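To keep things clear, I will list the structure first and then write my remarks on it.
The values are calculated or read from the model by the stated rules, or taken from the named source; none is laboratory data. Note that the structure is predicted; figures quoted are calculated from it, not measured. We place every Cβ from the backbone using ideal geometry, glycine too, and count neighbours over all the protein chains shown. We work out accessible area using only protein heavy atoms, side chains counted, and drop any ligands, DNA or RNA first. Shrake-Rupley method; radii C 1.70, N 1.55, O 1.52, S 1.80 Å.
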Amino acid sequence: MAAKRLLSNSFSDQADEPKEKRTRPTPSFTSVIGEAVMDKCLSTALEPILRRVVHEEVERSLRARIRSFSRSPSLRIQAPQPSTLKLIFPKALTVPIFTGGKIVDEESNQLRVLLVDTRGNQTVLFPSPFKVDIVVLDGDFPLDGRNWSNEEFDRYIVKERTGKRPLLAGELVVTVRDGVGLIENIEFTDNSSWIRSRKFRIGAKVAGGSCQGVQIREAVTEAFVVKDHRGELYKKHHPPTLGDEVWRLEKIGKDGVFHKRLASEGVHTVQDFLKMWVVDHAKLRTILGPAMSEKMWNVTVKHAKTCVMGNKHYVFRGPDYKVLLTPICQLVNAEINGSIYTTHNLSDINRAYLENLVRKAYANWCSLEEIEGISDEIGLLTQGDHPNHQQPMVGSSQYKVYMTDRLIEGYIQNEMQANREISPIYFNTSSENGVRQKMFPSNSDDDLTSPKSFITWG
């Protein structure tokens, strides 16, 4: 009976269950809205709390991680080190610099830029060639030995004035090979007077796209003034050099009448002028003509005779003779049939023969042998209006060349002899090898421009 009651109760419960579900009340619209509002208020209230908790946990985790990095040297972040490579200009520039003039170094050679290591200033052989831009910088660029940034360098780059040509003309992109780059034919087109510092610098920086990933510091020269050329192209040289164009002499204007007349006769340089003056001064005077007064002629010749002679000599050879000449065709000595002749021991026949050889040497000047550095075989010119007034020429360190009014014979053994006081007439001395020294004074301004011969004799 008990089993029947349990079984009947079980079926009774199962039969009542769906009935209870069917009778559960449906939530009203108001109750649903209320529950949503309650949930939103709760999340709004909890959000800042949760954010703070999360932030604190993240910070604590990061601090712990950083401490672990600091304990491990291999995991520390290293600060970037400045590059030890830099570009330099090894030599200073020749100053003053003029617009339109070629920029060269202090030894008159083309500029160079080198890649060096700052730890020893040794030239660095970079694995491959790279390009370098040549730019103009303001003279106020702070060249104080510190490491400047690329951006700071670029801020000081100077561009041309409005309506002007590029400030720097020529080969402005240079290739650096084996640590050396040659800068050729660059010149300024404008002076530096229009910027505040009134000075420029030249800079060299690695071109964009070159040496990617490698930091190389820029090269910067010292500050300098660039002057307007204007009359510089026509400036006379004091003293002139043998290679100067003949219009560098006083009273001969560039592209003027005298310049054109001389050029038509093959007289292009100061050396050409002096050679003709020594060998055939009458022809030289005729070329210039009556338009050049005697006063102008004297000024021109006097200026020419201040020329820097240097230490070159020229040898004219033949089957049985050898003649040694100065750069302006003056006879120093001659060897004829094995006998050596100097200008003080010639007979009349010897003189005529040697004069003919010198004229032949003049006519065949381009074929003469050029030699340098003969300190004991020097022909001397004369210079000055007074016999006791001697002006040394800038020449070889082995000897000095002098010019007064006439040719001088003999040899100068050293500077002590060269600087002896000159007698009003002449002086004779004997050197260690017995060679006489004779010097003739100037008697008038006429002697200054009328050499009696390119050979002197006693």
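Over all other residues within a Cβ to Cβ distance under 14 Å of GLY318, the charged ones net out to +1, with Lys and Arg as +1 and Asp and Glu as -1. Estimated from the Cβ-Cβ distance and a Förster radius of 56 angstrom, the FRET efficiency linking LYS235 and ALA64 is about 0.10.
Just reorder ILE134, ILE371 by solvent-accessible area, largest first, 1.4 Å probe, all chains present.
Numbers: ILE134 10, ILE371 45 Å².
The most accessible residue leads, giving ILE371, ILE134.
Among HIS268, HIS303, the order of accessible area from largest down is HIS268, HIS303, computed with a 1.4 Å probe on protein heavy atoms. With a 1.4 Å probe rolled over the protein heavy atoms of all chains, the accessible area of ARG217, ARG198 falls in the order ARG198, ARG217, largest first. Size descriptor for region 164-300, Kirkwood hydrodynamic radius: 19.2 Å (Cα pairs only, one decimal).
Test of understanding: what is the full-extension gain from GLU47 to MET296, defined as 0.36 nm times their sequence separation minus their Cα-Cα distance?
79.1 nm
Ligands, DNA and RNA aside, GLU47 has an accessible area near 90 Å² when probed at 1.4 Å. Projecting label points 7 angstrom from Cα along Cα→Cβ for THR189 and ASN356 puts them 6.1 nm apart.
Using 1/(1 + (r/R0)^6) with R0 = 51 angstrom and r between the beta carbons of ASN364 and VAL173, what's the FRET efficiency to the nearest 0.05?
Details: r = 46 Å, r/R0 = 0.91.
In this case the efficiency is close to 0.65.
The dipole here belongs to region 249-373: it is taken about the Cα centre, uses +1 on the Cβ of Lys and Arg and -1 on the Cβ of Asp and Glu, and is about 420 debye. In this structure SER264 has an accessible area near 90 Å², from a 1.4 Å probe over the protein heavy atoms. I'd like the accessible area for TYR321: 1.4 Å probe, protein heavy atoms, all chains in place, Å² to the nearest 10. Estimated to the nearest 10 Å², TYR321 gives 40 Å². Using R0 = 22 Å, the C-beta based FRET efficiency linking GLU160 and THR84 works out to 0.05.
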